[in-house]
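Before any comments, here is the structure.
The values are calculated or read from the model by the stated rules, or taken from the named source; none is laboratory data. Everything numeric here is computed off the predicted structure, so don't read it as measured data. Neighbour counts are summed over all protein chains in view; Cβ atoms, including those assigned to glycine, are modelled from backbone coordinates with ideal geometry. For accessibility, only protein heavy atoms count, side chains too; no ligands or nucleic acids. Shrake-Rupley method; radii C 1.70, N 1.55, O 1.52, S 1.80 Å.
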There are 4 protein chains.
Amino acid sequence: MSHNTYGHLFRVTTWGESHGIALGCVIDGCPPGIEFTEAEVQAYLDKRKPGQSKFTTQRREPDQVRVLSGVMPQDDGETLVTTGTPVCMMIQNTDQRSKDYSDIAKRYRPGHADFTYDVKYGIRDHRGGGRSSARETAARVAAGALARKVVPGLVVRGALVSMGTKEIDRDRWDWEEVNRNPFFTPDPQAAEEFADYLDAIRKAGSSVGAVIEVVAEGVPAGLGAPVYAKLDQDIASGLMSINAVKGVEIGNGFEAARIRGEENADEIRLDEYGNPSFLSNNAGGILGGISTGQPVVARFAVKPTSSILTPTRSITADGEETEVVTKGRHDPCVGIRAVPIGEAMVACAIADHYLRHRGQTGRI
Amino acid sequence: MSHNTYGHLFRVTTWGESHGIALGCVIDGCPPGIEFTEAEVQAYLDKRKPGQSKFTTQRREPDQVRVLSGVMPQDDGETLVTTGTPVCMMIQNTDQRSKDYSDIAKRYRPGHADFTYDVKYGIRDHRGGGRSSARETAARVAAGALARKVVPGLVVRGALVSMGTKEIDRDRWDWEEVNRNPFFTPDPQAAEEFADYLDAIRKAGSSVGAVIEVVAEGVPAGLGAPVYAKLDQDIASGLMSINAVKGVEIGNGFEAARIRGEENADEIRLDEYGNPSFLSNNAGGILGGISTGQPVVARFAVKPTSSILTPTRSITADGEETEVVTKGRHDPCVGIRAVPIGEAMVACAIADHYLRHRGQTGRI
Amino acid sequence: MSHNTYGHLFRVTTWGESHGIALGCVIDGCPPGIEFTEAEVQAYLDKRKPGQSKFTTQRREPDQVRVLSGVMPQDDGETLVTTGTPVCMMIQNTDQRSKDYSDIAKRYRPGHADFTYDVKYGIRDHRGGGRSSARETAARVAAGALARKVVPGLVVRGALVSMGTKEIDRDRWDWEEVNRNPFFTPDPQAAEEFADYLDAIRKAGSSVGAVIEVVAEGVPAGLGAPVYAKLDQDIASGLMSINAVKGVEIGNGFEAARIRGEENADEIRLDEYGNPSFLSNNAGGILGGISTGQPVVARFAVKPTSSILTPTRSITADGEETEVVTKGRHDPCVGIRAVPIGEAMVACAIADHYLRHRGQTGRI
Amino acid sequence: MSHNTYGHLFRVTTWGESHGIALGCVIDGCPPGIEFTEAEVQAYLDKRKPGQSKFTTQRREPDQVRVLSGVMPQDDGETLVTTGTPVCMMIQNTDQRSKDYSDIAKRYRPGHADFTYDVKYGIRDHRGGGRSSARETAARVAAGALARKVVPGLVVRGALVSMGTKEIDRDRWDWEEVNRNPFFTPDPQAAEEFADYLDAIRKAGSSVGAVIEVVAEGVPAGLGAPVYAKLDQDIASGLMSINAVKGVEIGNGFEAARIRGEENADEIRLDEYGNPSFLSNNAGGILGGISTGQPVVARFAVKPTSSILTPTRSITADGEETEVVTKGRHDPCVGIRAVPIGEAMVACAIADHYLRHRGQTGRI
């Protein structure tokens, strides 16, 4: 069933398709009194926007956001203040070249939702991927921009840590570097390798997957719950809801399955002020579903773009065998643009749990 | 915030702690007319039950389930038929040796939720892990037993595929073998290796992590949704909500991030009856959040048991530095008992989406 | 907390204020394959639109609806077909005469939400009633237009049955008449009386309340649930969520509290085809929260418009005593325009329960 | 669809039938640190318990509540402290005289949910009313006992204000009187009249309806929301979910539809301390869906007990015409026992909105 809402108190509902009139989100439950500008939201959207380098799709999507409701414009003509009512943000679709898709309208593109859409709904908007288009994620990024402001002091940053068989060297991690290269990767040397690597893949008409890491700092201890609605569970849910994501990890993730209890234990000491100080963060900032106050660390795996030039065998909606070659404008590595999306989902999960924790316990 | 409910139409709410009077679940939205017996539910609980081999905790938990509501007992005295109203199942706690925990009441066990509980709630039931105890999962397994019956033809099976640094050989995969060894592993040779490996770990007072794979067959195509409430998202959410889980994968998971588009594509042909036939299943049976009709495949990583004999540095609730050694009865590899729990969560997710799909589309 | 969503499977989220850029709704969970046109939705909006007679506010609100997502436009250029994804409908605000409100920005209008808004949020959009403005209900009416199409054969009609101290004569009930007079009342003679009555009230700068009755025919038996999420409960919730509503009745309502069991019983016989036939409908088509197949009948009481010319004593946001006189353009009887809104809420509740019933039981 | 949960942050899920093993509730989201005893809960259950006078059913239901989870027992052996995890309370069914129902197993009792149950589920527990039995409400009363403690200073009291054609005189309203007579009515003179009136009705094998008023004092201003999830909407939803309720009013309710704007306006002055002071409370303590700080006042109409000795015409499940006479032990006026149930629902709604308001705004 369709259930396009994420969150419980900070509720983000997204709507809209790649080839409809517009798309957007409704944020319900946002606290009143939060100041922001459309330009701030736009900055995050621009990060996600295609066509910024030869490594992302050349579609032009201005992705200009408009805030339609839930705010009081201030006298400066820029600042908006949330009123506590639903904030609707809209992005109009402008560059809808439907003809690119016409010859695949009836062919089920392997790796895409074409086949499953038809099975599920019996109707499919062949002009694009419908809701399965990565375009929907613009709405999430817009919502994430507001979510970041809900928790005072929260900083959520993402970075691409591997592309195909290439990985970064974590010793070279530099957050400043992330915004300097087209891959949102924190290792300048890896950025150069990725450029060559992806260029070859792009020219071959192929594609490749990637792993993105999101780190949230300034998360107060105590957010989450011990069983369902664990903070890590909701982050996993949010990240797995991003297109093309096939795996999610918290902290050391799958590595935890390979090591021993004494290696995995995050020991605790007191710092110079007598506050708890963890000596490591294998847990990724979450124990028993509840934040520890350490940085929350999550990673997710994005599969290679399914739209490739290499012909792949498939069938048509009419039950004929066929081959599919995608000629449209697509990203050789969709993982790149997933970085701001992953940030947005983590920010939304934390904002939601911040309000829930305050509601149930009054301890914030 | 506490929100102990999983699912939207097939709603499972669990309640109860390890050291309270009882624990259980309420299944709301179960279709009417489903026949089952307490013995069937019990069989799944017994799989999860501790004390079955030297490789799991020696606590004795009879885990005897009772169905309290939502059913019409039939004349045979065994069969129960659901009436469409909430099914409450209860398991009484009997072996509550609180004294094992007394000396750790004030010490924050690394890797446990002790610290985060105190930060969150300001109160903690030191007699056990409270809701963070793996004991809560008995309620999920009970719910899963009913979930399996909601979708006609559904078969959900789990298997342990790696333990620490040891992995199975997938060429030796034999589902029959899973129930023959204490590790729920499908590779008889690996079972022997796991036995030696875990024995040494247990004797050393250490612990180790594991990876579990769950495969659901008989899942109709069309379950799920293209954006939020994707079938894979809800499975990820359910698996990540299991204690000690740090990572979740669907299909080829993180491997997808390492390969190219043409390798990852699951090509489609027509079978001899003219039906769609996928030539591979990298997608794990889900495309665009919607089931394809192929087996749904999910994996999750369980961290090593945090309770170990090796002293670990920590602090007390009173802000003193201390060391923690766990003397209680614990599993050297909690991943083993996570197998039936993982099955249960996948079964619940599929049952829920089955009802949701039927509700929205009427296409089942 | 803000929670601007109504329904569980047919989920309507509304957003937007009276004096913002736009308002609208997102309908999530709408079945695929439903055909409709913007003109059909517009027809319902026009019914609710102000400025249609001297008996409703003279604000001009074109209330032109646009469907932004969730549909496939058909080749005729008019027909839209739902795709099963979220349908967002937007209505732009055009006639926002903020100055009318300027002098009451700081005064708490008795009967309005001004005071409670300030207490709750600490911020209030003084340009209008914010979300409390009846303008929000346009979004509901748009959603209701689609809800009506979800249940085959469903007909939902509303009528004004009393205004102040004047009541209709039910023996003169004529559904055709409802669309012939400006009061949506089914009794032509009452329509004339209402005209004189309300004219005098309007000229006196006063206002008056009304009672609206909504009748849904073609509701299949079996919708609803025995305890929470009863069909009548959800209808009551929907109607009570309409601005200025202070009471809700199902069937004979408060009259049921005055009569005896044998008078209240709806006896059942078999009709000529052997089908169950109720001899009366005191229950209003719902027994134990579940629809009987008879017409569903609900009534709701709308208080008199709070904005009146008579000065009323109040205080300012700064804690000064003051008097309030509303000079803006307002309805002398807001109950009139509540008729299509009540219809919409009943239609949405029934559509939601139709999908839920189909989901849980598969019996539709 | 079954959806047996009430509330959003203070979530009450009830389960259990009249003739099953047990019934109860799970309260999820209860704040930690709330002290209570089983005896306190029991006191409210005893109020609702049948068999206390000749005016209520003579069934004996000990209704002994047990708290199964979510609490830390204190050393005094009585006090329980909530831990923030789900509180499950259970009441075992002991007096299940199924034979009383045997001859009506196949007959659809007019006014009961027998017919609609069969249509909806295709299966019905003929041993009693299933979930439609008023017995389910014991679970609500238990939940309400805890809800009352969530909001500091909250006092929720209910009273029967009319029975059939007899009404109380509000000038004689005395809250102390409510607990002195078997009708929970605040007017001692009316109590005597009700006694004679109901005695005659009981002897005639008939039944009669009633109206109950619930008043909540100590409700902080600011709870609720301007559109959906209005405080009055959620109270209406809760009250309408009680068995046999056909109407709900807030404040002056249907009377508001009969009067003019200047009569209905609750004017505001400053009290001696400079605080806002309403001169009347037609609004019932709620404006625009948000609490004003005045007492919250709600009323609901309960229909006459459907089980009467007078034969009523009906049909059987096999499609035969028949007559139904109820011989079981039933209340001549179920409205009496609805008083503590109404209190419980109002308390739950207020507790829920208190937590939600604190969560979204942090203003408590």
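Miscellaneous remarks
- Shape of the protein assembly as shown, Cα gyration tensor, a/c cut at 1.5: prolate
- Along chain C, the longest continuous region that contains none of the GluC sites (Glu not before Pro) in a DSSP loop with at most 16 other C-beta atoms within 10 Å is C:79-271.
- Span from the region B:112-186 Cα centroid across to the region D:1-35 one, whole angstrom: 26 Å
- The trypsin sites (Lys or Arg not before Pro) of region D:283-342 that meet both conditions, a loop assignment by DSSP and at most 12 other Cβ atoms within 10 Å of the site Cβ, are D:K327.
- Across chain A, Cα pairs under 8 Å and at least six residues apart give a relative contact order of 22 percent.
- Classified by the C-alpha gyration tensor, region A:211-263 has an oblate form. Its axis ratio a/c, with a ≥ b ≥ c, is 1.5 or above, and a/b does not exceed b/c.
- Size of charge dipole - the protein assembly as shown - debye, nearest 20, with Cβ of Lys, Arg +1 and Asp, Glu -1, no other charges: 0 debye
- Length, then width, then depth: along the principal axes, the Cα atoms of chain D run 68, 52, 38 Å.
- Summed over qualifying helices (DSSP H, 4 residues or more, each -39500 (n - 2.57)) and divided by its residue number, chain B shows a 222 nm mean residue ellipticity of -7500 deg cm²/dmol.
- Where chain D is rotated onto chain A, the residue of D whose Cβ comes nearest the axis, and that gap in whole Å, is D:G359, 1.
- All distinct Cα pairs of region A:164-270 go into the 1/r average, and the inverse of that average, the Kirkwood radius, is 16.9 Å.
- Anisotropy class of region C:84-236 from Cα gyration tensor, a/c 1.5 cut: oblate
- This model, with +1 at the C-beta of Lys and Arg and -1 at the C-beta of Asp and Glu, gives region B:5-361 a dipole about its Cα centre of some 1200 debye.
- Calculated FRET efficiency, C:K166 to C:K327, Cβ-Cβ distance, R0 = 22 Å: about 0.20 to the nearest 0.05.
- Alpha carbon Rg of region D:295-364, scaled by the compact-globule rule 2.2 N^0.38 Å: 1.85
- Loop sites in region C:248-291: chymotrypsin sites (Phe, Trp or Tyr not before Pro), DSSP, at most 11 other Cβ within 10 Å: C:Y273
- Using the Cβ-Cβ distance between C:Q64 and D:R313 with R0 set to 41 Å, the FRET efficiency from 1/(1 + (r/R0)^6) comes to roughly 0.15.
- With contacts taken as Cα pairs under 8 Å at a separation of at least 6 residues, region D:235-364 carries a relative contact order of 24 percent.
- Percent accessible area from carbon and sulfur atoms, region B:123-225, protein chains only, probe 1.4 Å: 46 percent
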